[in-house]
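S.K.: My structure is below; once you've seen it, I'll send some questions.
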């Protein structure tokens, strides 16, 4: 992930772009999530499917969300590898806590 | 609002449609919110504006969000007038609470 | 709805508040939608229910979303009644278009 | 990222959990995005900051979003590395197209 963040950053510089302000990237995140949502509903919900859309497009929509998150992370100097590690650890701890409370 | 919910319901029946299951309407809500988000970012964010989009379109996107909420509300027999009243009252109470805590 | 927008506006003035900039209200909209989403998932999804949450809370979460939309609308002088009417009309037209295309 | 997806999967199996259906994971995604949104608004928007929240929490919220996306990807056998690569390539192509159209 570290490498990916660097690639996004190099690309931005090469294109002469700058990162948007946080609230603008956030708005973009919701635009991308909305497109993902539309597709998930087409494929797995009650909305009638359009034949042209496939699971392949899902890959693309998820990619766009992560790309947007990488832009946000770069603009605020957030390390996504650390972020991902934390969330993984949290699930384990939360589960342990549950057992300690509920358990034998 | 009550009247609007009825109109949405009559239209659904006239078209022979049924309300989707809650999670599908939720996905639709996020699709609509994503479109609204894209437009807000175009008009007020750092994303370059496209000339064809105006404040008029904002009206349409907000309308689509409320329409989707009305579908959800109808499917779960929620009274939107009551819902709106509650939120208005909550803001007043929250503000009062703040004064009671902070104030003289 | 017109009346509701006025009440929101009067309340804002009484509290001495001003409307946030569009991108901030948008961020708030997603915060409210996220809370609604959590609750819908609790009640209708696979996430284990917490007993304290009921359909009543749904009413509250939807109310908060509409309140936020009313703030956005007021800040940009958008008429929600017109917005809602448009979306209702659009569904009818879209449906008509479908019949015209798909067959007699 | 590949490795991260495997770790998420191993953890799920160890905990005896199964992946939710797509629409439920989507709802969870919006719950997590809503929490992220609330925090971004606190830190960079007009909402008054609460002192306890810092940039560190941003890391956590983004981590939760990516964790949720990894669950979705695992449940649908989507390769996130490929997804991320595609989005990066798309930005380059889109930019090239722009130069071809606008440029000298």
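S.K.: Using only atoms on other chains, find how many Cβ atoms lie within 10 Å of each Cβ of peptide B:84-93 and report the average.
M.R.: 6
S.K.: If neighbour count is taken as other Cβ atoms inside 10 Å, put D:94, B:38 in order from fewest to most.
M.R.: D:94, B:38
S.K.: Placing the label point 7 Å from Cα along the Cα-to-Cβ direction, what are the distances from residue D:81 to the equivalent spots in the other copies, shortest first, in nm to one decimal?
M.R.: Between copies, matching label points for residue D:81 lie 1.5, 6.0, 6.0 nm apart.
S.K.: Still on this structure, I have one more. As a check on your grasp of the helix formula, calculate [θ] at 222 nm for chain A: sum -39500 (n - 2.57) over DSSP H runs of n ≥ 4, divide by the residue count, round to the nearest 500.
M.R.: Taken over chain A, the calculation gives -26500 deg cm²/dmol.
S.K.: May I pose another question? For each of A:91, D:8, count neighbouring Cβ atoms within 10 Å of the residue's Cβ, then give the residues from fewest to most.
M.R.: Fewest to most other Cβ atoms nearby, the residues stand as A:91, D:8.
S.K.: According to the square roots a ≥ b ≥ c of the eigenvalues of the Cα gyration tensor, what is the shape class of chain A, taking rounded for a/c under 1.5, prolate for a/b larger than b/c otherwise, and oblate for the remainder?
M.R.: It is oblate, given that a/c is not under 1.5 and a/b is not larger than b/c.
S.K.: Point me to the residue of chain D whose C-beta lies closest to the D-onto-C rotation axis, rounding the distance to whole angstrom.
M.R.: Of all Cβ atoms in chain D, the one nearest the axis gives D:34, 1.
S.K.: Here's a follow-up. When a/c is below 1.5 the answer is rounded, else prolate if a/b is larger than b/c, else oblate, so apply that to the protein assembly as shown with a ≥ b ≥ c taken from the square roots of the Cα gyration tensor eigenvalues.
M.R.: In terms of gyration-tensor shape, rounded.
S.K.: Continuing with the same structure: Take peptide B:4-17, look around each residue's Cβ out to 10 angstrom, count Cβ atoms belonging to other protein chains, and average those counts.
M.R.: Average neighbour count from other chains, rounded to a whole number: 2.
S.K.: Next up: Shortest first, in nm, what separates the label point of residue A:95 from those of the same position in the other copies (7 Å along Cα→Cβ)?
M.R.: Label-point distances to the other copies, shortest first: 4.1, 4.7, 4.7 nm.
S.K.: Based only on other Cβ atoms within 10 Å, what is the fewest-to-most ordering of B:88, D:29, B:58?
M.R.: Least to most surrounded, the residues fall as B:88, B:58, D:29.
S.K.: In nm to one decimal, list the spacings between the residue B:16 label point and its equivalents in the other copies, with label points set 7 Å along Cα to Cβ, shortest first.
M.R.: For residue B:16, the other copies' label points sit at 4.9, 5.8, 6.1 nm, shortest first.
Readers should treat all values here as calculations from the given coordinates under stated rules, not as data from a laboratory. Small disclaimer: the values here were computed from a predicted structure and weren't measured. With ideal geometry, Cβ positions are generated from the backbone for all residues, glycine too; neighbour counts draw on all protein chains shown.
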